[in-house]
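Enquirer: First the structure, which I've put down as structure tokens, then a few questions once you've had a look.
The values are calculated or read from the model by the stated rules, or taken from the named source; none is laboratory data. Computed from a predicted structure; not experimentally measured. A quick note on method: Cβ atoms are made from the backbone with ideal geometry, for glycine too, and the neighbour counts reach across all protein chains shown. The accessibility values were calculated without ligands, DNA or RNA, using every heavy atom of the protein model including side chains. Shrake-Rupley method; radii C 1.70, N 1.55, O 1.52, S 1.80 Å.
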Amino acid sequence: MHRNYEHCKEERMKQISAQLLLVIGICMLLFTACNNASDFTVKGVVSGADGQTMYLENVGISNVETLDSVKLTAAGKFKFNHKRPGFPDFYRLRLNNQLINFAIDSVETVTIAADAGTFATSYTVEGSENSKAIKAITLAQLDANQAIGRLRKEYEDKHIADTTYRAKMLETAEAYKEVARKYIYSAPMSTAAYFALFQQIDGLLFFDLYDRNDVKAYGAVATSYDHFYPGSPRSKHLYNLTLQSMKVLRAQRPVNFDDVKTTEISFLDIELPNLKGEVVKLSGVAEGKPVVINFTAYQAEWSPALNMALGEIYTKYHGQGLDIYQISLDSDAHFWKNAASNLPWVTVRDPQSVYSQIAGLYNVKQLPAIFILDRKGNLVKRVDDPKTLEADVKAVL
């Protein structure tokens, strides 16, 4: 009897232990699942890149951040795990200055296969339909870049006339926009639509912020992002960008923007390093006072004369609150530091130079480019002629 009791007790303990192990196992699985849910994975194979380093980068609104890297072997296999963003965001793989762009939204795993020689153009992507669309958009952009490069060469060699050159440039840009519009208007809330909207040529946006037809595309994506991702920094940034362009267009001619809601108007913030390497925000400079924003290149022959003109205006009106936020697009940082060292206003530099995303967002088509913010941070003027700058400054004072 005693033996039977001990045997039953032992069997009961085994059952309890097995049940505890099962519960612990389930908890561990749930814990792992929860952890994995907060991460995303990008993996795949890159052939022909033995010994080369590939980087995973996050493409922000105004900067690119390196997140991880891997030294590829002959097998070419790679795998990156990274924390999932709070809102849909953009990433890229970089190999020898060749780029593969992809988006992370609701997907957990993106698989990419590529060859080192044709890394940016002939890759395949699985697990993300938006990233497949981004590839198609990228190829359309590359086609436009190549076509524009050929046109410029023909024009510089005087093989085509001015009017022909301008017409063909517009046709080439329109060919890209025709591809982009398919993604923008079919699913304006998608990362593919956002990506298509902000593609550039030589640092300039294909979609002109101050063109009454192009701004409809901005409005479509802005309204969708505001609805689906109201807390996203990209939503706020895009919405403010659209509202600013609408304000400028409304001042020029009556245009119907009934489909786009109107709320606050705020400037596009800029965060770039000054001469000391300290990041200076435009929002910090512009708080409660008018600001002249100037995109410039100190190495240009017109730069000394422009800075002299800015200096006269700064001396006259700084006492009334005026400030200047000057962005250098010089490729030579040393030259910029020497040239800007004695200037009394805020001088910062964009290391992306002519490929500046910030300049693209401000729709800078040529240098110098000058904008004026009023005391409330509204972009009230794009100065086309520097000779009128003083009168424009007086208007906001």
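Enquirer: Of all the strands (runs of 3 or more DSSP E) wholly in the stretch 345-396, which have at least 2 residues that are in contact with an Asp or Glu (Cβ under 6 Å, 6 or more places away or on another chain) and among the aliphatic types (A, V, I, L, M)? So that I can check it myself, show each step before the final result.
Expert: Details: elements: 346-349, 369-373, 379-383.
Counting at least 2 such residues, we get 379-383.
Enquirer: Is one or more of the residues making up the stretch 350-371 open to solvent by 10 Å² or more (accessible area, probe 1.4 Å) and farther than 26 Å from D208 by Cβ?
Expert: No, there is no match, as no residue in the stretch 350-371 is open to solvent by 10 Å² or more (accessible area, probe 1.4 Å) and farther than 26 Å from D208 by Cβ.
Enquirer: With respect to S186, determine if the residue is free of Cβ contacts under 8 Å to residues at least 24 places away in the same chain and either farther than 21 Å from M246 by Cα or surrounded by fewer than 17 Cβ atoms within 10 Å (Cβ to Cβ) (or both).
Expert: Numbers: free of Cβ contacts under 8 Å to residues at least 24 places away in the same chain: yes; either farther than 21 Å from M246 by Cα or surrounded by fewer than 17 Cβ atoms within 10 Å (Cβ to Cβ) (or both): yes.
Considered against the rule, which asks whether it is free of Cβ contacts under 8 Å to residues at least 24 places away in the same chain and either farther than 21 Å from M246 by Cα or surrounded by fewer than 17 Cβ atoms within 10 Å (Cβ to Cβ) (or both), S186 comes out as yes.
This table checks each residue for (1) in a helix (DSSP H, G or I); (2) in the same structural domain as P351 (by the TED database); (3) modelled with pLDDT of 90 or more.
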{"residue": "L238", "(1), (2), (3)": "yes, no, no"}
{"residue": "M246", "(1), (2), (3)": "yes, no, no"}
{"residue": "V255", "(1), (2), (3)": "no, no, no"}
{"residue": "T262", "(1), (2), (3)": "no, no, no"}
{"residue": "A309", "(1), (2), (3)": "yes, yes, yes"}
{"residue": "Y325", "(1), (2), (3)": "no, yes, yes"}
{"residue": "F335", "(1), (2), (3)": "yes, yes, no"}
{"residue": "N338", "(1), (2), (3)": "yes, yes, no"}
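Enquirer: Just to verify a result, which residue in the stretch 81-109, among those that are free of Cβ contacts under 8 Å to residues at least 60 places away in the same chain and in contact with a Ser or Thr (Cβ under 7 Å, 6 or more places away or on another chain), is surrounded by the most Cβ atoms within 10 Å (Cβ to Cβ)?
Expert: The qualifying residue surrounded by the most Cβ atoms within 10 Å (Cβ to Cβ) is R84.
Enquirer: Taking the residues in the stretch 189-209 that are open to solvent by 10 Å² or more (accessible area, probe 1.4 Å) and among the polar types (S, T, N, Q) as candidates, determine which candidate is farthest from Q366 (Cα to Cα).
Expert: In this case the residue turns out to be S190.
Enquirer: Of (1) touching a helix residue (DSSP H, G or I) at 6+ places or on another chain (Cβ under 8 Å); (2) assigned to a helix (DSSP H, G or I), L170 satisfies all except one. Which?
Expert: Among (1) touching a helix residue (DSSP H, G or I) at 6+ places or on another chain (Cβ under 8 Å); (2) assigned to a helix (DSSP H, G or I), the lone unmet condition for L170 is (1).
Enquirer: Go through (1) closer than 12 Å to P368 by Cβ; (2) touching a residue at least 60 places away in the same chain (Cβ under 8 Å) one by one and return the number of the condition Y298 breaks.
Expert: Single failed check for Y298: (2).
Enquirer: Quick one: is S331 within 30 Å of M169 (Cα to Cα), among the hydroxyl-bearing types (S, T, Y) and open to solvent by 60 Å² or more (accessible area, probe 1.4 Å)?
Expert: The answer is yes for S331.
Enquirer: Continuing with the same structure: Quickly run through the stretch 318-355 and pick out the residues that are of a type in the set (D, E) and free of Cβ contacts under 8 Å to residues at least 40 places away in the same chain.
Expert: Taking the stretch 318-355 and keeping what is of a type in the set (D, E), we get 323, 330, 332, 350.
Result: D323, D330, D332.
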